[in-house]
Amino acid sequence: MKVVEATGSNLNEAIENGLKILRVRQEEVNYEILSQTEDEVRVKLSIKEPRQHLYELTKYILTSCGFKPNIVINKDEKGYYLNIKTRHTDAILIGKKGETLWALQYIITRLMKRFHPNLKILVDVSGYRMRRTNFLRKKAEAIARIVLKTGREMALDPLTRKEQLIVEKKLNEIKGVKLYTIGKGVSKNVIIAPSDESK
Amino acid sequence: MKDLIEYIVKALVDNPDKVDVKEIAGEKSIIYELRVGEGDLGKVIGKEGRTAKAIRTIITAAAMKQGKRTVLEIIE
C-alpha cells in the first residue's frame, strides 16, 4: 500500500490521519488535495520514490539518535548504495566488528521493504564495507601464499558470515589451498590449508 | 530517542495503537519500557531475536554518544 486517501476537518488533520494509516512521517510522503469543502478536506498521500524515501528515513533515524549525518545515495545495477558520513562519530556508527552498521542495515531494509518490496539496499559508513572487503581479500591472498610456500595450515581471525564469504570467494581463485572452519559461535575460526592436489 | 523506538515498532506491528514507550531516565542509564499489543511480541523480537537486537544496538550507539547506558524492556 503506497497510496492512501484520508479525510479530516482541515488539511493538517487530513494529512495526519493519512500518515497514521501508512505509519510514516510527513517527510516520507507527497500529498495532493483531492477535494476541499468548508468542513472536510480529502487528501491523497503517496510514498515518495525510493531514493528520496531512503534518504528521509535514514536521516530521521540518525538525527533522532543525535548524529549529524551526511548521506550520499548512489544507484547501480546491484541496487542502492547508501554511504553515511558524520563528523567524528563514524566509529560509533560502525560499532564493534560492524555491529551497529549491521543493525542500521537491518532496520533500514526492514522499514523500506514495507513499501518497496524488491529494493536492494547496501548501507555503509564512510566506505567501511569497501575498505573491509579489500582488506580481507588482500589478507586472504597473503595468507594463502604463505600456506602454499610452507605447506602448513594457518588460521584467520574470527570472521562474520559475510566476511567469510568474501574470503571464500577470493580463495576459490587461488589454486592449491582450501578452507575449512573449526569451532562454533564466537570461537568459530577459519583455517586456510593446502589442498590435497598440491601435495 | 523515544520517538524513534515508537516509530520503528509501530511500523512493524499489527496493532500500532497499542504501542507505548516509556522512558525512565537515570543518571547514567536510560530504561525504555516498550509495551506492545497481544500477539505482536514476536514481530518486535523477530527471527532469532534479530529485530530486538537491532533496535537495542542502535539505541546503545546513540546513548554511547552521550556516555550513557540503555536498557530496552519489551512487555506484552
Q | Members of the stretch B:17-54 found to be among the charged types (D, E, K, R), farther than 25 Å from A:Leu19 by Cα and within 10 Å of the chain's Cα centre (by Cα), listed by number | A | B:Lys53
Q: Give me a count of the residues in the stretch A:158-173 that are surrounded by fewer than 17 Cβ atoms within 10 Å (Cβ to Cβ) and in contact (Cβ under 8 Å) with a residue 12 or more places away in the chain.
A: 2
Q.
For the stretch A:54-74, give me the residue count where each residue is away from chain B (no Cβ under 14 Å), surrounded by fewer than 15 Cβ atoms within 10 Å (Cβ to Cβ) and either among the polar types (S, T, N, Q) or within 19 Å of A:Lys113 (Cβ to Cβ) (or both).
A. 2
Q: Confirm whether A:Val147 is over 18 Å from A:Tyr60 (Cα atoms) and surrounded by 14 or more Cβ atoms within 10 Å (Cβ to Cβ).
A: yes
Q: Go through B:Glu33, B:Glu76 for me and flag whichever is more than 9 Å from every other protein chain (Cβ to nearest Cβ), at pLDDT below 90 and more than 23 Å from A:Leu57 (Cα to Cα).
A: B:Glu76
Q) Say we look at the stretch A:18-53 and pick out the residues that are touching a Ser or Thr at 6+ places or on another chain (Cβ under 7 Å) and outside any loop (DSSP other than H, G, I, E, B); which of these is surrounded by the fewest Cβ atoms within 10 Å (Cβ to Cβ)? A) A:Asn30
Q.
Any residue that is closer than 26 Å to A:Arg161 by Cβ, in contact with a strand residue (DSSP E or B) (Cβ under 6 Å, 6 or more places away or on another chain) and assigned to a helix (DSSP H, G or I) - is there at least one of those in the stretch A:71-90?
A. yes
Q: Return the residue satisfying two criteria in turn: it lies in the stretch B:41-57 and is free of Cβ contacts under 8 Å to residues at least 12 places away in the same chain and within 11 Å of another protein chain (Cβ to nearest Cβ), and of such residues it is nearest to B:Ile8 (Cα to Cα).
A: B:Ala54
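The values are calculated or read from the model by the stated rules, or taken from the named source; none is laboratory data. In this text the structure is predicted, and so the values were computed from the model without any measurement. No Cβ is skipped: glycine too gets one built from the backbone with ideal geometry, and neighbour counts run over all protein chains shown.
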